[in-house]
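Below is one structure; the comments refer to it alone.
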Ligand code: Z5A
């Protein structure tokens, strides 16, 4: 978690970045944080965080889920571990920062569980929703950027990073189902989820994200400059 100290008294905002592996979430979150930091300097702190692993406890869960790729984890255990990571993350980081009026940029949230454990692993949506609700108490993003990319391109982008983790090792069909899950989520929740074509340059993607945020009136106060 990185904190850019700025301060302020407003309702916090929660912006999530989603997408298949290698879609560019980390890259775009960092660039968006830097851009927002410059624009919100009098008003708010910009917090960047991620799932799994946005807390000290979550880092241990992340290690079990991803780094120990040789150990067997049942699908039900995997679902509950992502839920446990999220419960701690919401309680220890996300909700407290929102309560302070800060802007939280999060790499993955509840839609990842729907896409990966639901569409990917095959869990019923009702079971996923129960775990998500238990973990979040109903907290949802104010806006989610879905960075949409062909899964083979995404896997190629991250292919040189060394030994693939447990989820990377899943079949290409699994990753296609995940992308289809995101597609259906974006169709079903158009007010919350915005599709961004991620098969473009980093700069083009960042320009579109900034443009969408400039248009998001709920994000800005009268004292915050919103013109370029
Ligand atoms: N998971 C789950 O199953 N259920 C859940 O509830 C949650 C997660 C929360 C987390 O993995 C795994 O957990 C994830 C889903 C599962 N597994 N999968 N698949 P992670 O945190 O290790 O990885 P990730 O979230 O998938 O992120 P990533 O692989 O690091 O990708 P990214 O953040 O989207 O991309 P990036 O790091 O910004 O960029 C990747 C590379 O592409 C890098 O070399 C960049 O320089 C390059 N890049 C970035 N943008 C571009 C553009 N526009 N063009 C060309 N190259 C680019």
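Would you confirm, using the coordinates I've provided, whether residue 103 is under 17 Å from the mean Cα position of the chain (by Cα), away from the ligand (no atom under 15 Å from the Cβ) and within 18 Å of residue 17 (Cα to Cα)? Spelling it out, residue 103 is indeed under 17 Å from the mean Cα position of the chain (by Cα), away from the ligand (no atom under 15 Å from the Cβ) and within 18 Å of residue 17 (Cα to Cα). Determine if region 60-72 includes at least one residue that is surrounded by fewer than 14 Cβ atoms within 10 Å (Cβ to Cβ), within 27 Å of residue 126 (Cβ to Cβ), more than 16 Å from the chain's Cα centre (by Cα) and within 12 Å of the ligand (Cβ to nearest atom). No, the conditions are met nowhere in region 60-72.
Is it the case that region 162-178 has a residue that's surrounded by 17 or more Cβ atoms within 10 Å (Cβ to Cβ) and within 18 Å of residue 16 (Cα to Cα)? Among the residues of region 162-178, at least one is surrounded by 17 or more Cβ atoms within 10 Å (Cβ to Cβ) and within 18 Å of residue 16 (Cα to Cα), which makes the answer yes. When the residues of region 37-55 are filtered to those that are at pLDDT 95 or above and farther than 11 Å from residue 107 by Cβ, the one that is nearest to the ligand (Cβ to nearest atom) is 55. Count of region 19-37 residues, restricted to those that are in a helix (DSSP H, G or I) and touching a helix residue (DSSP H, G or I) at 6+ places or on another chain (Cβ under 8 Å), is 6. The number of residues in region 137-172 being touching a residue at least 12 places away in the same chain (Cβ under 8 Å) and assigned to a loop (DSSP other than H, G, I, E, B) comes to 15.
Within region 9-31, restricting attention to residues that are more than 9 Å from the ligand (Cβ to nearest atom) and within 21 Å of residue 100 (Cβ to Cβ), the residue that is modelled with the lowest pLDDT is 9.
Taking region 185-218 as the range and being touching a residue at least 60 places away in the same chain (Cβ under 8 Å), surrounded by 13 or more Cβ atoms within 10 Å (Cβ to Cβ) and over 14 Å from residue 17 (Cα atoms) as the test, only 216 passes.
The values are calculated or read from the model by the stated rules, or taken from the named source; none is laboratory data. For clarity, every value in this text was computed on a predicted model and none was experimentally measured. With ideal geometry, Cβ positions are generated from the backbone for all residues, glycine too; neighbour counts draw on all protein chains shown.
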